[in-house]
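Beneath this line is the structure, given in structure tokens, with notes to follow.
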Amino acid sequence: MSLLSIVLPAYNEEQNIANTAKVLSEMLEENQIDYELIFISDGSKDGTFEEIKKVSAANSRIKGAQFSRNFGKEAGIFAGLELTTGDAVVVMDCDLQHPPQVVLQMWELWQEGAEVVEGIKSKRGKESLGYKLSAGLFYKIMSALIKMDMNSSSDFKLLDRKVVNVMLNLPERNTFFRALSFWAGFETRTVEYEVQERQFGESKWSLFSLMKYAVANATSFSTLPLQMVTLMGVIAILFSIVLAVQTLVRYLMGTSVEGFTTVILLILIIGGFIMLSLGIIGHYIARIYEEVKGRPKYIISKVTDNVTGNVLGEWKSNK
Ligand code: UDP
Ligand code: MG
């Protein structure tokens, strides 16, 4: 019988763990699906890991780990994938905003031969205006940069074991899970779902963290910003040819004293372009620096009793 693993990254979600574990295990047992639930507490400062230990003690199919500090959802997903043993793995939020029934649809599609099942948002749940604006901008930038429609895609997906192994063997540290399943290819199917309202607690994303995430992912998936630097250079050169001709003509006509405004504007514009370009290049150098250091994506400090293998303080480094 095939085993379904569900990975649930959780950051300060003590109110959600027990309920989510109950909803998922009841649903899967009812449908006679062999399963395991893997909760990754992403350095939570509340009782999230204690809750995970509690549900794990009551149901041996539930496992969990705690990070030594907050490493971000991306790291949580990858640590979860690392701990799975299932033939198919579903990644979903632990706040039940990803409707559990959709997991059944994904499982069915997998049994029909799909290797990747993408959860596609048909409608975003109730969100504040600020969030809508920032998330909207975020997805616009992302979609343009990595040439994939990011607006409706999400981290809610099912991956076949093969695909999970591809993900785990990626040498890079700055991963972007949402886009990597597109990148990996494989036989892909989609299911639509409606984002549910969060039951307990609040969203862990602030406007600032979302923008940081956007920039980090854009630079890890695209070199377009670097090419834009070249484009800016070309524009600046064209502009300067026009001005050079104008300046020479004025000089020859003996009216070259004027043009102070032009000089100031040029210094400002070119200076701005140069600083922006240096910033963009600097960002890529920072990414290269991070990759070269080869630090782990996450560090696990605690696990539930039923987690086997040596994972404490360990990580799968570049093999
Ligand atoms: N999450 C995480 N680490 C973080 C932030 C969030 O593991 O640093 C988890 C969080 O517990 C939840 C999921 O990622 O299970 C999605 O987060 P959230 O619900 O806050 O985001 P939203 O649904 O508002 O996009
Ligand atoms: Mg959520």
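The values are calculated or read from the model by the stated rules, or taken from the named source; none is laboratory data. Model, not experiment: these values are computed from the prediction. All Cβ positions, glycine included, derive from the backbone under ideal geometry; neighbour counts span all protein chains shown. Protein only, heavy atoms only, side chains kept; ligands, DNA and RNA dropped before computing areas. Shrake-Rupley method; radii C 1.70, N 1.55, O 1.52, S 1.80 Å.
General remarks:
- Test result for Ile40, under 24 Å from Ser206 (Cα atoms), within 16 Å of ligand 2 (Cβ to nearest atom) and either in contact with a Cys (Cβ under 9 Å, 6 or more places away or on another chain) or of a type in the set (A, V, I, L, M) (or both): yes
- Taking the numbered list (1) under 17 Å from the mean Cα position of the chain (by Cα); (2) over 23 Å from Leu170 (Cα atoms); (3) not acidic (Asp, Glu) in turn, Phe71 passes all entries but (2).
- Of all residues in the range 194-227 being more than 13 Å from ligand 2 (Cβ to nearest atom) and among the hydroxyl-bearing types (Ser, Thr, Tyr), the one that is farthest from the chain's Cα centre (by Cα): Thr223
- The lone exception for Val234 - which of (1) at pLDDT 85 or above; (2) under 30 Å from Ile52 (Cα atoms); (3) of a type outside the set (Asp, Glu) it fails: (2)
- Those residues of the range 178-214 which are open to solvent by 70 Å² or more (accessible area, probe 1.4 Å), more than 16 Å from ligand 1 (Cβ to nearest atom) and not in a loop (DSSP other than H, G, I, E, B), in sequence order: Phe182, Trp183, Arg189, Thr190, Glu192
- If you go through the range 78-95 and keep only what is open to solvent by less than 20 Å² (accessible area, probe 1.4 Å), in a loop (DSSP other than H, G, I, E, B) and within 13 Å of ligand 1 (Cβ to nearest atom), you end up with Met92, Cys94, Asp95.
- Some residue of the range 51-64 being under 17 Å from Leu159 (Cα atoms) and within 16 Å of ligand 1 (Cβ to nearest atom): no
- In the condition set (1) hydrophobic (A, V, I, L, M, F, W, C); (2) touching a residue at least 60 places away in the same chain (Cβ under 8 Å); (3) in contact with a Leu (Cβ under 6 Å, 6 or more places away or on another chain), Phe39 is compliant with all but (2).
- Of all positions in the range 232-249, none carries a residue that is under 30 Å from Lys45 (Cβ atoms) and touching a residue at least 40 places away in the same chain (Cβ under 8 Å).
- Under the condition of being more than 16 Å from Ser203 (Cα to Cα) and touching a residue at least 60 places away in the same chain (Cβ under 8 Å), the residues counted in the range 1-19 number 7.
- Boolean, Gln101 is within 13 Å of ligand 1 (Cβ to nearest atom), among the polar types (S, T, N, Q) and surrounded by fewer than 21 Cβ atoms within 10 Å (Cβ to Cβ): no
- In the range 1-13, of all residues being open to solvent by 10 Å² or more (accessible area, probe 1.4 Å) and more than 16 Å from ligand 2 (Cβ to nearest atom), the one that is nearest to Lys63 (Cα to Cα) corresponds to Leu3.
- One residue stands out in the range 14-49 among those that are closer than 27 Å to Met1 by Cα and acidic (Asp, Glu): the one that is most open to solvent (accessible area, probe 1.4 Å), namely Glu30.
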